[in-house]
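Remarks on the structure that follows.
The values are calculated or read from the model by the stated rules, or taken from the named source; none is laboratory data. Here the structure is a predicted model, which means the values were calculated and not measured. Glycine also receives a Cβ, built like all others from the backbone with ideal geometry; neighbour counts cover every protein chain displayed.
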Amino acid sequence: MPLLEVQNLSIGFGDSRAIQDVSLALEAGDRFGIIGESGSGKTLTALAITGLLPIGASLTGEIRIDGHPLPANERAMARLRGKRIGMVFQEPMTALNPLMRVGRQIAEAVELGGLHLGAATINELLAEVGLAPEHGRRFPHQLSGGQRQRVMIAMALASQPDLLIADEPTSALDLVTQRTVLDLLAQICARRRMTLLFISHDLKAVAALCSRVLVLHRGRMVESGSTEQVLGAPAQDYTRRLVAASRFDVAAPPRPPSTPTLLELEQISRDYGAGAPWPWRRKPLRALHDVSFTVQEGQCLALVGPSGCGKTTLARIIAGLDDASAGALRLAGQAYHGRDLPRTMRADISLVFQDPFGSFDPRLPMGQSVAEPLRLRPGLGLAQRTERLHEVITAVGLSPDMLGRYPHEFSGGQRQRLAIARALVTRPRLLVLDEPVSALDVSVRGEVLNLLARLQAEFGLTYLLISHDLDMVRAMADRVMVMEAGRIVEQGAPQAILDHPQHRLTQALVAARLPELGAGRLRA
């Protein structure tokens, strides 16, 4: 008897159908992947299995656990989620309580699962996902995106569920941590005979982890079968397009031999916690140590490194959202200091945040949020603002008629595309891209990256690209810098750095890359 059985699942909102006749069956210990574009129904399927569908959704079909239908009573369903079903959500910052330390939130998950702390201590759970004990004493905003994702995985594993649903659990992780988490999930599935339902845009991760896969497109099943069959020799055109799009093929614009310097950083340092009265905060945490580099106009500089190494902190300082504790910044020769960035310069620097949902005001329609940066360009009239807004929305693959919707009405990938549109709407000189395509499906990643390459050529844009994806870095970047613990440890041309790494961290990042499709699965 299957542990999980879904038969003819359909989900509707009013007169529209988001999912139509989806069926799947998972045995104990199975590792099953669901792939498809953003909005194809992957997350809705997971929410239906956990009984967390949004209000207003209508569900038909059957969902069974051990042959029994899901309970209609919410209290009974909550107990089932606590003991039998665990879930790792796509956006950890919005899933974690901002007012509770993460260790306490993990303890709460343990208690809801009916376990005692002696059976699975907080420190053991943190260590299982590669975090130190002190991370449990921090609040979510004090952790990097990858660290928050690992906390979510620890919470999901805390109750030792029979079924773990992982919705993009590695999208915010660096390569070393991604490989560690995938190995961890494979080992736990084998040790506990835990069933895994793995939802991801990363076809390499699905191929490495899952034995079977289901392809969804616009809420309908396209293809289903063994991973080797579906991804190695796809029978349907849509699946073939997904597999082809997983290989980066970016038409990078020609670079001029010599261009002026646009951005200069000189010995930038950032300390956190200095001067705090609490005993555990007497010594400041140094997130950046004397970081210095220059970026030429029209260049793409890539910044890579493990989660928590200071990449996002550096990006926020450059974009004027945080202050450096020491050092100097200059944009086109004009000095500025973090949040004291003059209004006349602020429109020239845009930042695409790593977490798209947390970067939008949930009370504002998307049209208003995307157009908001245009206030920094006071010379534009209403017709020009509307034209600029429609131009960027269309450029990232969305329709202008979506602008009246609110953030929660979009999928994760659609929100990321809207974040890129908002950053481009002012036509900045410098665009800081913090994991710009980590939440995008493979069919859109190439389109967005080619869009960024085209815009760079048309408008002379300069990019500071922060990414964990070395294939994307190779395709996009002119120079690569590797960061560790707030320091630049290696830099150079992408081919030199990625083909012949010298520093031990760069060597570890290159070694942690997932194999190409068809190269086999991770061993348990």
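Things worth noting here:
- Test: residue in the range 144-161 that is at pLDDT 80 or above, in the same structural domain as Thr43 (by TED's automatic domain parsing), surrounded by fewer than 18 Cβ atoms within 10 Å (Cβ to Cβ) and of a type outside the set (Val, Ile, Thr): no
- Unmet requirement for Gly492, which otherwise passes all of (1) touching a residue at least 24 places away in the same chain (Cβ under 8 Å); (2) over 18 Å from Thr394 (Cβ atoms); (3) surrounded by fewer than 22 Cβ atoms within 10 Å (Cβ to Cβ): (1)
- Screening the candidates Leu514, Leu449 for the property of being within 18 Å of the chain's Cα centre (by Cα) and not in a helix (DSSP H, G or I) yields one hit, Leu514.
- Of all residues in the range 424-457, those being surrounded by 24 or more Cβ atoms within 10 Å (Cβ to Cβ) and of a type in the set (Gly, Ala, Ser) number 2.
- Among the candidates Arg375, Arg330, residue that is basic (Lys, Arg), surrounded by fewer than 21 Cβ atoms within 10 Å (Cβ to Cβ) and in a strand (DSSP E or B): Arg330
- Looking across the range 216-241, the residues that are in contact (Cβ under 8 Å) with a residue 60 or more places away in the chain and either over 28 Å from Thr60 (Cβ atoms) or crowded, with 24+ Cβ neighbours inside 10 Å (or both) come down to Leu216, Thr227, Glu228, Leu231, Gly232, Arg241.
- Of the residues contained in the range 333-344, none is found to be under 27 Å from Ala95 (Cα atoms) and either modelled with pLDDT under 90 or in contact with a Ser or Thr (Cβ under 7 Å, 6 or more places away or on another chain) (or both).
- Selection count where residues are closer than 20 Å to Val6 by Cα and in a helix (DSSP H, G or I), scope the range 187-229: 1
- Among residues of the range 420-446, those that are under 20 Å from Leu380 (Cα atoms), touching a residue at least 60 places away in the same chain (Cβ under 8 Å) and either among the aromatic types (Phe, Trp, Tyr) or part of a loop (DSSP other than H, G, I, E, B) (or both), counted: 3
- Yes/no for Ala46 being closer than 20 Å to Gly413 by Cα and assigned by TED's automatic domain parsing to the domain that holds Ala190: yes
- Criterion violated by Leu44 - all others in (1) of a type in the set (A, V, I, L, M); (2) exposed (fewer than 13 other Cβ atoms within 10 Å of the Cβ); (3) closer than 23 Å to Ile11 by Cβ satisfied: (2)
- Filtered residues of the range 324-353 (kept if farther than 22 Å from Leu380 by Cβ and under 25 Å from the mean Cα position of the chain (by Cα)): Phe353
- Of all residues in the range 481-504, those satisfying the criterion of being touching an Asp or Glu at 6+ places or on another chain (Cβ under 8 Å) and part of a strand (DSSP E or B) are Met481, Val482, Arg487.
- Unique match (being within 30 Å of Ala324 (Cβ to Cβ) and either of a type outside the set (D, E, K, R) or within 24 Å of the chain's Cα centre (by Cα) (or both)) among Leu197, Leu203, Leu263, Leu209: Leu263
- Residues in the range 241-281 that are assigned to a loop (DSSP other than H, G, I, E, B) and modelled with pLDDT of 85 or more: Pro260 only.
- Single condition Ser58 does not satisfy, out of (1) without any contact (Cβ under 8 Å) to a residue 24 or more places away in the chain; (2) of a type outside the set (Val, Ile, Thr); (3) not in a loop (DSSP other than H, G, I, E, B): (1)
- Annotation note: of Glu168, Glu74, Glu134, the sole residue that is buried (at least 23 other Cβ atoms within 10 Å of the Cβ) and either of a type in the set (Asp, Glu) or not assigned by TED's automatic domain parsing to the domain that holds Gly29 (or both) is Glu168.
- Scan of the range 389-418 for residues that are crowded, with 23+ Cβ neighbours inside 10 Å, more than 14 Å from Gln90 (Cβ to Cβ) and out of contact with any helix residue (DSSP H, G or I) (no Cβ under 6 Å at 6 or more places or on another chain), ordered by number: Arg417
- Matching residues, the range 10-49, being of a type in the set (Val, Ile, Thr) and modelled with pLDDT under 90: Thr43
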